[in-house]
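Note sheet for the following structure.
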Amino acid sequence: MTSNSTSPFSLQGRVVLITGSSTGLGKAMAAAFGQAGAKVAMNYFNNTARAEKSFGEFKQKGCQGMLVRANVTDQGEVEKMVREVNETLGPVDILVVNATDATDIPIRSKGSLRRSGYCRDGSKSKWASFAH
């Protein structure tokens, strides 16, 4: 591999959307992806102050991304969130479903990312079970 080529395993420039990422494991994953070079969309729903504090800490680490509020159990809000991420950071390469209501998961059961046209397809993306 030449020095000008990008490793297929590199996260540099990839877009990662992590639901429920203002605290706990989601927050830690956001930091890890960000420090590995990915642009991270940090999703939250309830606690704006906590989310803004977490995003500030994320940016202080030199990470790039955005903070996006959405209820991931509401298909309309999921589709709006994905549009916002796409417009700001680019198409989602990696989705981490960290927070959801197990009784109604539109992001997995309805395939809203694929149907909305905001996800990449083919060999550039490895999609989880929601895409089927």
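Numerical summary
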| item | result |
| --- | --- |
| Condition check for THR48: within 23 Å of LEU11 (Cβ to Cβ) and touching a strand residue (DSSP E or B) at 6+ places or on another chain (Cβ under 8 Å) | no |
| In the range 68-92, the residues that are closer than 22 Å to THR23 by Cα and not in a helix (DSSP H, G or I) | VAL68, ARG69, ALA70, ASN71, VAL72, THR73, ASP74, LEU89, VAL92 |
| Which numbered condition LYS27 fails, given (1) surrounded by fewer than 14 Cβ atoms within 10 Å (Cβ to Cβ); (2) more than 19 Å from ASN86 (Cβ to Cβ); (3) touching a residue at least 24 places away in the same chain (Cβ under 8 Å) | (1) |
| LYS39, sole failed condition from (1) buried (at least 19 other Cβ atoms within 10 Å of the Cβ); (2) farther than 19 Å from LEU89 by Cα; (3) not aliphatic (A, V, I, L, M) | (2) |
| PHE58 being surrounded by 13 or more Cβ atoms within 10 Å (Cβ to Cβ) and either among the aromatic types (Phe, Trp, Tyr) or assigned to a helix (DSSP H, G or I) (or both) | yes |
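Readers should treat all values here as calculations from the given coordinates under stated rules, not as data from a laboratory. Predicted model, so just to flag it, every value in this text is computed and none were measured. FYI the Cβ positions are ideal-geometry reconstructions off the backbone, even for glycines, and counts take in every protein chain you see.
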